[in-house]
Amino acid sequence: MKVGIIAEGWDDCGVICNIVTKLVPIDSSDDIKFIRPKEDATDGDDDAFSNWNIVRQECIDKTEVDKFFSLFPNEDKLLIVHIDTAECEDYGIARPLKENADLENYSTGLRNLVIGQITNWLGTIPNCNVTHAIAIEEIEAWVIALLDDSLRLDTSSINDPKNQLAIRLKTFMNSKSLKLYKSLKSNNGAFESSIFLSGRLTRKKDRQKAEDYNHSLYLFCEELRRLFP
């Protein structure tokens, strides 16, 4: 099984990889291929700092998607498309009303709208399963659901999870782990630091706890579990 990932950025790829390595039948992490951002992108390249527009354009043009398929013509393939909903209005989605009393339906409804838009962009992909890592509102909400043990609400209730994660990190991690995370981010970049930060997603118990507090994470994991029971 070869897994191709289209994501907004390397930090998103790190979170998704920790999930994929446990829920998808791959031999090793070498079976995961980064379509966007490109694997050979450097910090000076536009592709190193991807965003929803690059995800959209790749889904439409399929420039790197086609290369991924041509590299592995005779192997089973899975395509994962990630996008955050923080800017969903910019890519044509009318955001449903969000109420803290009904966050599961909000997440499900918004996710379904975004999947419909991705399907419009991609069209038909023969001989390949397509799954959707739709993060409501940002993928950092998944990480908060993993790390915060004091939660009472689904983390989709947080409107700015990227900033909130940065603010709360010192309460989620001991000083040694926080220092290591910052060192990884400075010296190894967003992907390696994200792999470290979301590493507990590789543990079933911790992943299930995170799913309990972020419905969009649950829906992505459930999509993978249905494909690979």
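The values are calculated or read from the model by the stated rules, or taken from the named source; none is laboratory data. Please read all numbers here as calculations on a predicted model, not as lab measurements. All Cβ positions, even for glycine, are placed from backbone atoms using ideal geometry, and neighbour counts span all protein chains on display. With ligands, DNA and RNA removed, areas are computed over all heavy atoms of the protein, side chains included. Shrake-Rupley method; radii C 1.70, N 1.55, O 1.52, S 1.80 Å.
Numerical summary
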{"quantity": "Residue in the stretch 148-155 that is of a type in the set (Lys, Arg) and buried (at least 16 other Cβ atoms within 10 Å of the Cβ) present", "calculated": "no"}
{"quantity": "Selected residue [modelled with pLDDT of 95 or more, open to solvent by 30 Å² or more (accessible area, probe 1.4 Å) and of a type in the set (Val, Ile, Thr)] from Ile167, Ile144, Ile158", "calculated": "Ile167"}
{"quantity": "Criterion violated by Gly123 - all others in (1) in contact (Cβ under 8 Å) with a residue 24 or more places away in the chain; (2) open to solvent by 30 Å² or more (accessible area, probe 1.4 Å); (3) over 17 Å from the mean Cα position of the chain (by Cα); (4) closer than 24 Å to Leu78 by Cβ satisfied", "calculated": "(1)"}
{"quantity": "Per-region count, the stretch 77-131, residues among the aromatic types (Phe, Trp, Tyr) and under 20 Å from Asp12 (Cβ atoms)", "calculated": "2"}
{"quantity": "Criterion violated by Leu217 - all others in (1) open to solvent by 50 Å² or more (accessible area, probe 1.4 Å); (2) aliphatic (A, V, I, L, M); (3) in contact with a strand residue (DSSP E or B) (Cβ under 9 Å, 6 or more places away or on another chain) satisfied", "calculated": "(1)"}
{"quantity": "Every residue from the stretch 172-214 that is closer than 15 Å to Ala141 by Cβ, open to solvent by 40 Å² or more (accessible area, probe 1.4 Å), assigned to a helix (DSSP H, G or I) and of a type in the set (Ser, Thr, Tyr)", "calculated": "none"}
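To keep it simple, each residue is scored yes or no on (1) at pLDDT 95 or above; (2) closer than 30 Å to Leu151 by Cβ; (3) assigned to a helix (DSSP H, G or I); (4) open to solvent by less than 40 Å² (accessible area, probe 1.4 Å).
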| position | (1), (2), (3), (4) |
| --- | --- |
| Ile35 | yes, no, no, yes |
| Asp40 | no, no, no, no |
| Ala48 | no, no, yes, yes |
| Val65 | yes, no, yes, yes |
| Pro73 | no, no, no, no |
| Ile80 | yes, yes, no, yes |
| Arg95 | yes, yes, no, no |
| Lys98 | yes, yes, no, no |
